[in-house]
There are 2 protein chains.
Amino acid sequence: MAVRLLQPRFGRKSAYLSYIWRKFTTKFESIVYSEHGDPEKVLRLQKAETGKFGPSSVSLRMLAAPINPADINQIQGTYALKPSLPAVGGNEGVGEVTEVGSDVQSVRAGDQVVLRAEQCLGSWCRHLVVLEHQVLKIPSGLPVDAAATVSVNPCTAFRLLKDFEDLQPGDTVIQNGANSGVGQALIQIAAAWGIKTVNVIRNRTNVEDLKSHLKDQGANYVVIDEDLKSSEMKEIMKSIKPPKLALNCVGGKSSMSLFRFLGPKGTMVTYGGMSKQPVTVPTGSLIFQDVNVKGFWMSQWSIDHQKDASKATMMEEVCSMLLKGQLRAPPCTRHPLKDFKTAISEALQPYSKTKQLLILND
Amino acid sequence: MAVRLLQPRFGRKSAYLSYIWRKFTTKFESIVYSEHGDPEKVLRLQKAETGKFGPSSVSLRMLAAPINPADINQIQGTYALKPSLPAVGGNEGVGEVTEVGSDVQSVRAGDQVVLRAEQCLGSWCRHLVVLEHQVLKIPSGLPVDAAATVSVNPCTAFRLLKDFEDLQPGDTVIQNGANSGVGQALIQIAAAWGIKTVNVIRNRTNVEDLKSHLKDQGANYVVIDEDLKSSEMKEIMKSIKPPKLALNCVGGKSSMSLFRFLGPKGTMVTYGGMSKQPVTVPTGSLIFQDVNVKGFWMSQWSIDHQKDASKATMMEEVCSMLLKGQLRAPPCTRHPLKDFKTAISEALQPYSKTKQLLILND
């Protein structure tokens, strides 16, 4: 099972089909790597084939694609999903359908679609030919920043709030790394659903600006990690229900400290490990508080739900929140494809305030 | 919830009733403490009241009671269940019914019963008056060592194997602290059910003797923690199914190392923390292997199942295994009540090879 999970079969199959198809197809500009390593060194802009067009195919003119941390790790060779090399970088992205095969039913020319990011399709390219089941239609009218970044972070936040505890309006969630992409989406989705959030962030220059920014998104409480033992935090905890859910994308001491606040029988879900430290769980929380400790990986969820409608349903709901303004796209810095090196370099900076977005139809 | 769990209401109520009853009853020798602290200092042998006899009462002549680590922690004041003081020490134990109240139906004079250990009844005494629901009948014919120690360790092992994963014959379980009381019971119950066990122990003098002892109980594999990266361990793991369940009573590095062997979507259950270190979980195990990390506390399970028949059913099954010889009582050192100080002193030694058992009808 572990081996299949790390190297999913469909990944190989699709790579194999791509290989066959490439022999017959046109070349378009793509950002390609032939070996794993430092993304600033191994990536190059070159013409790559789009794949052959068949009856189940969907031809896409790509509009935009973000540079996500997982994309960087994938190029470095440290991510659990590994495409076969050479590969086009990127996983998430939005495109416009230019042509569909005779068997395709769910989308048609002119539709906007997002790639199912778990499939290692390679989104950093100008054109792409995929299979119908590898894309999801999104409503028209979404700004390109929102459309290009909807599949990973907002969907992760959505699932974290849906799948682990039965959260009702008035219930509480606590999270660390609250200013991460997922964290900010989670604040907004929780606010829309009436779920209160206690948001833990690291101290930094102009931390009050970040606090205001998160509160503006709907965060009920924002606390600096150094203040978790403060009387202010005690007052916050007195005023709310004990959190049923704790969300961790940091690990180490940060995750350990969340257990002080997680209610009995509550669940901590880890979806990231920014500190590169393991998750440390007090023995007493497990034995006497009966807490559950779990993990979540959006890619695996998407693989597990390839054949049902749950991803499409979620996408509809998340896009509707984006259209209503309940959820905002992350602040993005746009880069034309030719400037991809600047974009990558920016994406590699810690504490970057914006998501780097490659504009693919410039 | 946390506060109720730490100081269960029934505990206070039963203590209050005991207080009232004591005013009318006979005194018998008991091991009592009036304040928390070093068990070698705060315990004394004195005459204490048995409680008043009513229509739902069961009068017991106590036969034997073990000194468990939780009893020691309870006296030290560090355990999650705290009786009101002064209190009689001990929680687990076996007695013979001498008289029952007019409303009592499930037991009668001459029956052997065990105390429901989660109720803080105080088992280190010669006589005890309890309520019908505070005891469970056991079959006659069990040796006193087995009867006195059946309620906590074998029942914990039974639940660990039953409640977290659907284990079938041929499935595998890995555990650390495999020579603990629970660990040894687990080896035997798993063997009786056809479940394979990989047992991790710490290195020590005469470690081969311990290995033989555990294998003699039915352990399929016994590995010293220092050898977990050895080729021998790799061969073992190749020859068995990936463990669905990992059981941890140690914490720290020892628990961390079990995640290397736990199968995808498997569960680690922590039921003890002998190293006094927290449980450390690799982030990748949570996110990419989708493992679950949980805790188990026999006392809480018993509280949660006070009103159903599941504890009686389990007791019947465990006692039947003891009678058939599929499960053996732990090696015990017997102490007459008057020598309780020696017994306590022995129980405080690390690496003790036997369980200290107070004989109460000497």
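For the subset of the stretch B:228-266 comprising residues that are under 24 Å from B:P69 (Cβ atoms) and more than 10 Å from chain A (Cβ to nearest Cβ), which member is surrounded by the most Cβ atoms within 10 Å (Cβ to Cβ)?
Among residues in the stretch B:228-266 that are under 24 Å from B:P69 (Cβ atoms) and more than 10 Å from chain A (Cβ to nearest Cβ), the one surrounded by the most Cβ atoms within 10 Å (Cβ to Cβ) is B:L247.
Is it the case, given these coordinates, that B:G272 is touching a strand residue (DSSP E or B) at 6+ places or on another chain (Cβ under 9 Å), within 30 Å of B:S30 (Cα to Cα), within 14 Å of another protein chain (Cβ to nearest Cβ) and in a loop (DSSP other than H, G, I, E, B)?
yes
Looking at the stretch A:52-72, I want the residues that are over 15 Å from A:I31 (Cβ atoms) and have a partner that is part of a helix (DSSP H, G or I) and of a type outside the set (K, R) with Cβ atoms under 6 Å, at least 6 apart or on another chain. Which pairs are those?
Within 6 Å, the pairs are A:K52/A:W21; A:S56/A:E132; A:V58/A:E132; A:L63/A:V144.
Which residues, taken from the stretch A:291-313, are small (G, A, S) and either under 12 Å from the mean Cα position of the chain (by Cα) or closer than 30 Å to B:Q300 by Cα (or both)?
A:G295, A:S299, A:S302
Kindly provide the set of residues from the stretch B:334-359 that are of a type outside the set (S, T, Y) and in contact with a Cys (Cβ under 7 Å, 6 or more places away or on another chain), ordered by number.
Within the stretch B:334-359, B:K355, B:L357 qualify.
Within the stretch B:155-171, is there a residue that is closer than 17 Å to B:D71 by Cβ, touching an Asp or Glu at 6+ places or on another chain (Cβ under 7 Å) and of a type in the set (S, T, Y)?
The answer is no; no qualifying residue exists.
Of the residues that sit in the stretch B:162-187 and are out of contact with any strand residue (DSSP E or B) (no Cβ under 6 Å at 6 or more places or on another chain), at pLDDT 95 or above and surrounded by fewer than 22 Cβ atoms within 10 Å (Cβ to Cβ), which one is nearest to B:W297 (Cα to Cα)?
My answer is B:D163.
So A:E35 fits all but one of (1) exposed (fewer than 14 other Cβ atoms within 10 Å of the Cβ); (2) closer than 19 Å to A:D339 by Cα; (3) modelled with pLDDT of 95 or more; what number is the exception?
(2)
Identify, from the list A:I303, A:I224, A:I240, the residue that is β-branched (V, I, T) and out of contact with any helix residue (DSSP H, G or I) (no Cβ under 8 Å at 6 or more places or on another chain).
A:I240
Counting only residues that are farther than 30 Å from A:C249 by Cα, give me the strands (runs of 3 or more DSSP E) lying completely in the stretch A:49-136 with at least 2 of them.
Fully inside the stretch A:49-136 and qualifying: A:57-66, A:94-100, A:127-131.
Of everything in the stretch B:314-360, what is in contact with an Asp or Glu (Cβ under 9 Å, 6 or more places away or on another chain), surrounded by 14 or more Cβ atoms within 10 Å (Cβ to Cβ) and assigned to a loop (DSSP other than H, G, I, E, B)? Give them in sequence order.
B:A329, B:P330, B:L348, B:L360
I'd like to verify a number: residues in the stretch A:278-291 that are polar (S, T, N, Q), closer than 15 Å to B:Y271 by Cβ and facing another protein chain (nearest Cβ under 7 Å), how many?
Summing the residues that are polar (S, T, N, Q), closer than 15 Å to B:Y271 by Cβ and facing another protein chain (nearest Cβ under 7 Å) in the stretch A:278-291 gives 2.
Please verify whether the stretch B:285-297 includes one or more residues that are touching a Phe, Trp or Tyr at 6+ places or on another chain (Cβ under 8 Å), surrounded by fewer than 18 Cβ atoms within 10 Å (Cβ to Cβ) and assigned to a helix (DSSP H, G or I).
There is no residue in the stretch B:285-297 that is touching a Phe, Trp or Tyr at 6+ places or on another chain (Cβ under 8 Å), surrounded by fewer than 18 Cβ atoms within 10 Å (Cβ to Cβ) and assigned to a helix (DSSP H, G or I).
When residues of the stretch A:292-310 are filtered for being more than 7 Å from chain B (Cβ to nearest Cβ) and either under 15 Å from B:T280 (Cα atoms) or basic (K, R) (or both), how many remain?
1
The values are calculated or read from the model by the stated rules, or taken from the named source; none is laboratory data. What you see is a predicted model, and the numbers here were worked out from it, not measured in a lab. Because the Cβ atoms are built from the backbone with ideal geometry, glycine has one as well, and the counts that use them run over all protein chains shown.
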